[in-house]
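The values are calculated or read from the model by the stated rules, or taken from the named source; none is laboratory data. Keep in mind it's a predicted model, so treat the numbers as computed, not measured. FYI the Cβ positions are ideal-geometry reconstructions off the backbone, even for glycines, and counts take in every protein chain you see. For accessibility, only protein heavy atoms count, side chains too; no ligands or nucleic acids. Shrake-Rupley method; radii C 1.70, N 1.55, O 1.52, S 1.80 Å.
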Amino acid sequence: MEQAKRVLIKFSGEALAGESGFGIDTPILKFIANEIKDLVDAGKEVGIVIGGGNIVRGVTASQDGIIKRTSGDHMGMLATVINSIALREAIEYVGVNVRVQSAIKMEAFCETFIVGRAQRHLEKGRVVIFGAGTGNPFFTTDTAATLRAIEIGSDMIIKATKVDGVYDKDPKKFADAQLLKNISYEEALQDNIKVMDDTAIALAKDNKLPILVCNMFKKGNILNILNGDENALYSIVK
């Protein structure tokens, strides 16, 4: 594993919901905040993008045609800001400086995204959480995370999940599922391998941005991987 100073971590909104599948589970928030603190304490510069699926997803909200897809995606963007504010509070609670920047202007709640300002926050040891996706409908938070990672000059994007990495088939259904340690961008675009959406992977490929996929619920896992732990389980797309 190559050394990474600046990283962008992508969390799913569903990860915050815990067993209920909806809303925000504060013990999980605290767990994530402590994991982020460990990274910052180790000298890493950390950006974060978090989805909104624990509150509302644009595709789901608009599936029966009553809510237009554009409006559904706007609702999803607002959900990511709610999650971003919650995560900001948790990270501040454990003693780390953090800022939320939104792709859509909402000055009463957070800063508006400006890449130079985000970079300065990171250089000063502050965590930056990027909310509201790309600010445009029809783009996922996977794509937003990849875009922000490129804009801030991240060494890699980390897709934090509930499993150890990318498998050749669903490990929950097949006992013989194999963890794929090294994956090319071309392989990641195949239908049977789910890493991120195709737009995000294509954007990462064009900018030679590695994608690390790992389990976020193993304490210290992300830091161990970045420190080169040979026993750590993960997948890397590059």
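In the set (1) touching a residue at least 12 places away in the same chain (Cβ under 8 Å); (2) over 15 Å from residue 47 (Cβ atoms); (3) open to solvent by 40 Å² or more (accessible area, probe 1.4 Å), the condition left unmet by residue 72 is number (3).
Scanning the range 18-32 for residues that are more than 16 Å from residue 79 (Cβ to Cβ) and of a type in the set (A, V, I, L, M) returns 28, 32.
Taken over the range 162-178, the criterion of being within 22 Å of the chain's Cα centre (by Cα) and free of Cβ contacts under 8 Å to residues at least 12 places away in the same chain is satisfied by 170, 171.
Among the residues of the range 223-237, the ones that are crowded, with 18+ Cβ neighbours inside 10 Å and farther than 22 Å from residue 34 by Cβ come to 3 in all.
Does residue 86 satisfy the condition of being modelled with pLDDT of 95 or more and open to solvent by less than 70 Å² (accessible area, probe 1.4 Å)? Yes: the conditions hold for residue 86.
Within the group 200, 145, 160, 149, which residue is in a strand (DSSP E or B), open to solvent by less than 70 Å² (accessible area, probe 1.4 Å) and closer than 20 Å to residue 52 by Cβ?
160
Applying the criterion of being in a loop (DSSP other than H, G, I, E, B) and open to solvent by less than 40 Å² (accessible area, probe 1.4 Å) to the residues of the range 103-112, the residue that is nearest to residue 7 (Cα to Cα) is 103.
Condition test on residue 174, is it of a type in the set (Phe, Trp, Tyr), open to solvent by 50 Å² or more (accessible area, probe 1.4 Å) and within 23 Å of residue 141 (Cα to Cα)?
Here the answer is no, as residue 174 does not meet what is asked.
Out of 128, 96, report the one residue that is in contact (Cβ under 8 Å) with a residue 12 or more places away in the chain, within 20 Å of the chain's Cα centre (by Cα), in a loop (DSSP other than H, G, I, E, B) and closer than 25 Å to residue 28 by Cα. Exactly one residue qualifies, and that residue is 96.
Quickly run through the range 206-222 and pick out the residues that are surrounded by fewer than 18 Cβ atoms within 10 Å (Cβ to Cβ), in contact with a helix residue (DSSP H, G or I) (Cβ under 7 Å, 6 or more places away or on another chain) and not in a strand (DSSP E or B).
Passing the criteria: 207, 220.
Applying a threshold of 7 Å to beta carbon distances and a minimum spacing of six or more residues, or different chains, the list of pairs starting in the range 40-52 at a residue that is in contact (Cβ under 8 Å) with a residue 24 or more places away in the chain and ending at one that is buried (at least 24 other Cβ atoms within 10 Å of the Cβ) and among the basic types (Lys, Arg) reads 47/148; 49/10; 49/148.
Does residue 32 count as among the hydrophobic types (A, V, I, L, M, F, W, C), touching a Phe, Trp or Tyr at 6+ places or on another chain (Cβ under 9 Å), without any contact (Cβ under 8 Å) to a residue 24 or more places away in the chain and in a helix (DSSP H, G or I)?
Numbers: among the hydrophobic types (A, V, I, L, M, F, W, C): yes; touching a Phe, Trp or Tyr at 6+ places or on another chain (Cβ under 9 Å): yes; without any contact (Cβ under 8 Å) to a residue 24 or more places away in the chain: no; in a helix (DSSP H, G or I): yes.
When the stated conditions are applied, residue 32 does not pass them.
Within the option set 65, 53, being over 30 Å from residue 224 (Cβ atoms) and modelled with pLDDT under 95 holds for one residue only, 65.
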